[in-house]
Amino acid sequence: MGKKADFDKIQQLIESGDKSNINLAFVLAEAKGIHKSELIKPWLGVLRYLNKETHLKLNLRSDLDTMLCDLVATKVIEFKNCGEIPENIQKLKNIEKLSVDYDKFSVKNKIPEKLSKLEQLRELYLGSVLVPDEIYALEGLERLYLDDNQLLKVPEQLSVLKNLKSFRVEHNLIDLIPEFVFSLYNLELLSFSRNQIREIPDSINRLQQLKTLIITGNLVKDLDALLKFGSIRDLKLDSCLISELKPEIFEIPTLETLSVFQNPLIKISENNQPCNLKSFSMGSVPSRDKCEIYEFPQPLLNCRNLEKLHIQGTFIDRLPPEIGNLTNLTFLNLTFNKIKYLPESIANLKKLRSFYLAGNGIADEEKKKISALLPNTKIFFK
């Protein structure tokens, strides 16, 4: 079959408007050496499909201007390595979600100034691009994600986006959370993961709607600013420089998830107050510096709602009998610790479905005992 015949067959699949046929057409085009840019002009099938789905994903390095003029119904559009984004993108008046993502940052990865004309836009993701000032005219934005953009600081113009509910600025070079971020009172999610943040300011308590805070992969050493946080539900603080967990962190009434994995912990203070945690994670991977905790964290024994517990790569060598009181546990990971024996009270963990114990050096006889105590649990000894 010649190239023209191949092209015609692929085009027929595209023009059918069927999603599976369109995907098959792209697979065939790649196999036959036909670039997608050759198919862009006659994409009638895609237009028909979009009239139903209103969601478009593009990874073409081609002129999309002609096509975009016709996509008036599109509400979600995703550009992946598309070269220059069309200048007339503002004609897509109904767009609610826009994603522009490149594999690698370059100052050549730019966004059209007319982006500010998209008044219905509620969610914007810009990955590895030169962030334009025009986005701060989008006062209706509710979700803004600025990842991998080599930002040295949070742009001050952000302060005008009072409707933001989610703000994520991950994998950048930011070393300070500026004060104006704490005037975005509608924020429910805030992520500075993989930056160079050294301190969490006390002002963060002004964000009374904040439910999720992600500071993973930074230089934070203490959590004092969070100890009286009244609304937070999820704290993700992995791969920081935290050495101590104070008792107050377990007393935050709304806190359900606390993750401090891959931190140089040496102390977890005792606390006898009730704790509402549902998920807790700490420890380190075997090949890295150890989390120097030698005893099972006592505050966790008061977490009667705990469902997921992950303690890996510590010096803990035994579990207290009170572990059997955590009857809501469904997932338990205790890999690469120093545990040789388990208390018989683990038989009380009737809801436990997955139990990981690899890397502890547990003897075969003890393995049989554990298996007998937990007959309905899938146990992984290696």
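Quick notes on this one:
- Working from label points 7 Å from Cα in the Cα-to-Cβ sense, the ALA372 to GLN209 distance is 5.7 nm.
- In this calculation the C-beta distance from GLU87 to GLU139 is compared with R0 = 25 Å, giving a FRET efficiency of 0.65.
- Global form of region 243-382, assessed from the alpha-carbon gyration tensor, a/c cut-off 1.5: oblate
- Alpha-carbon centroids, region 211-255 and region 98-146: separation in whole Å: 30
- With the simple spin-label model, which puts each label point 7 Å out from Cα in the Cβ direction, the GLU119 to LEU24 separation comes to 4.4 nm.
- In straight-distance terms, cross-link reach from LYS340 covers every one of the lysines whose alpha-carbon lies under 17 Å from its own, apart from those fewer than eight places away in the same chain; here that gives LYS367, LYS368, LYS369, LYS382.
- Cβ-Cβ FRET estimate between GLU365 and GLU248, R0 fixed at 45 Å, reported to 0.05: 0.60
- In this calculation the C-beta distance from ASN163 to TYR341 is compared with R0 = 51 Å, giving a FRET efficiency of 0.40.
- Site pair LYS267 and GLU292 shows an inter-label distance of 1.2 nm when each label is modelled 7 Å from Cα along Cα→Cβ.
- Rounded, prolate or oblate (a/c below 1.5 giving rounded, otherwise prolate when a/b exceeds b/c) for region 207-300 by Cα gyration tensor: oblate
Read the figures in this text as sums done on the coordinates, not as results from a lab. Being a predicted model, the structure only gives us computed values, none of them experimental. Positions of Cβ are backbone-derived with ideal geometry, glycine not excepted, and every protein chain shown enters the neighbour counts.
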